[in-house]
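Below: one structure, written as C-alpha cells.
The values are calculated or read from the model by the stated rules, or taken from the named source; none is laboratory data. Please read all numbers here as calculations on a predicted model, not as lab measurements. Glycine also receives a Cβ, built like all others from the backbone with ideal geometry; neighbour counts cover every protein chain displayed.
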Amino acid sequence: MQWAVAVAAFLASAVEFVEAFTIVLVVGVTINWRSAISGTLAAVVSLAALISVFGVALVRYVPIDILRLVVGVLLILFGLKWLKKALLRYSGLKALHDEEAIFEEKMAELRANGEAISTRIQPTALALAFKAVFLEGLEVAFIVITFGSSVTTTVGLGGIPSATIGAAVAGLLVILAGALVRTPLKQVPENTLKFVVGIMLTTFGTFWTVEGFQVSWPLSDAFLLVLAAMYLLASLGIVQWLKSVRRQQQMAMAKS
C-alpha cells in the first residue's frame, strides 16, 4: 500500500506543480527571478508547516475508521471533479488545458499592468508567485495528508512519509525540467495525468470509504485494481457517449 500511496501522490502532485511552475516562470521572465523565487520559497515554508502540524495531528488523534471515511468521501469528490474535466476535454466539450496559452496570457496581463523589469523584489510579483505556489501547493498538501493519513503503519505517521516522498519527487522533477527548458511544460501530458489521477483518487476514495464502515473488500488491497478498471471502463464509455451526443448536436445545428 505504501508504494501505491507514493505513486498516487506523485502523479497528482505533478499536475499541480506544472500549473504552479507556469505562473512562477511568468513572474521570473517578465519581472525578475528574485521575486519569483522569494514568493515560491515563502509558499513552500508555509505549506511545510501546514502539513507537519495538521498531517501528524490527524494520524495521531483521529480514529482510523473515521479518518478513512472522511478522507474517502473527500477523495471521491476530488477525483470526480478531475474526472469530469478530463472527460469533457476528451469528448471535445471543453478546451484542452494548454500551459503555453496560460503562460502567454499571464505574461500579457503583467505587461498590461505596467510591471517594470527590475532586480529588486517587486511586491506584486512576489505575491503572484506566492499565491500560485500556495494555492496549488494546498492541493498537494491535501493529497499528501489524505493519502498518507489513511494508511496505518507501526511508525505512527501512517503513509504520510510515502506520500510526501512521492510529492517531493514530482516537485523536483518539474523544477528540474523547467530549469532545463525554461518554457511552459507543454510536453507534459497534463490532461492525461488528470484523467489517470482522477481515476486513482476516485478508486482510493471508494476503497477507504467502504473500509471506514468497517466492511472488508474481497482480495483485500488487490481489489483496488478491480475498482480502477471499473472506473476506467465507465469513463471510456462516458467519453464515447459524450462524443456521440456532440456529433448529434453538430448535425442538428448544421441542418438548421
Open item on the list: Within region 47-55, does at least one residue satisfy the condition of being modelled with pLDDT under 80 and either touching a Leu at 6+ places or on another chain (Cβ under 6 Å) or among the aromatic types (F, W, Y) (or both)?
Closed with: yes
Task: Lone unmet requirement of (1) within 18 Å of the chain's Cα centre (by Cα); (2) modelled with pLDDT of 80 or more for T146 - done: (2)
- [ ] List the number of the failed condition for Q214; all other conditions in (1) in a helix (DSSP H, G or I); (2) out of contact with any Leu (no Cβ under 7 Å at 6 or more places or on another chain) hold.
- [x] (1)
Open item on the list: Looking at A20, A42 in this structure, which one is surrounded by fewer than 21 Cβ atoms within 10 Å (Cβ to Cβ), within 12 Å of G137 (Cβ to Cβ), out of contact with any strand residue (DSSP E or B) (no Cβ under 7 Å at 6 or more places or on another chain) and of a type outside the set (S, T, N, Q)?
Closed with: A42
Task: Verdict on A229 being exposed (fewer than 13 other Cβ atoms within 10 Å of the Cβ), more than 30 Å from V5 (Cβ to Cβ) and not aromatic (F, W, Y) - done: no
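Every residue, every condition in (1) within 24 Å of S13 (Cβ to Cβ); (2) in a helix (DSSP H, G or I); (3) modelled with pLDDT of 85 or more, yes or no:
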residue: G178; (1), (2), (3): yes, yes, no
residue: F223; (1), (2), (3): no, yes, yes
residue: L227; (1), (2), (3): yes, yes, yes
residue: Q250; (1), (2), (3): no, yes, no
TODO: May I ask you to list the residues in region 8-24 that are over 23 Å from L201 (Cβ atoms) and at pLDDT below 80?
DONE: I23
TODO: Would you check which residues across region 212-221 are surrounded by 15 or more Cβ atoms within 10 Å (Cβ to Cβ) and at pLDDT 85 or above and list them?
DONE: W217
Open item on the list: Here are the criteria: (1) at pLDDT below 80; (2) crowded, with 19+ Cβ neighbours inside 10 Å; (3) within 21 Å of the chain's Cα centre (by Cα). Tell me which single one N32 does not satisfy.
Closed with: (3)
Task: Filter result for S244 (surrounded by 12 or more Cβ atoms within 10 Å (Cβ to Cβ) and modelled with pLDDT of 85 or more) - done: no
Open item on the list: Condition (residue is part of a helix (DSSP H, G or I), among the basic types (K, R) and touching a Lys or Arg at 6+ places or on another chain (Cβ under 9 Å)) applied to region 53-73: is it met by at least one residue?
Closed with: no
Open item on the list: I'm checking my understanding of the structure. Among residues of region 57-97 that are of a type in the set (D, E, K, R) and in contact with a helix residue (DSSP H, G or I) (Cβ under 9 Å, 6 or more places away or on another chain), which one is modelled with the highest pLDDT?
Closed with: K84
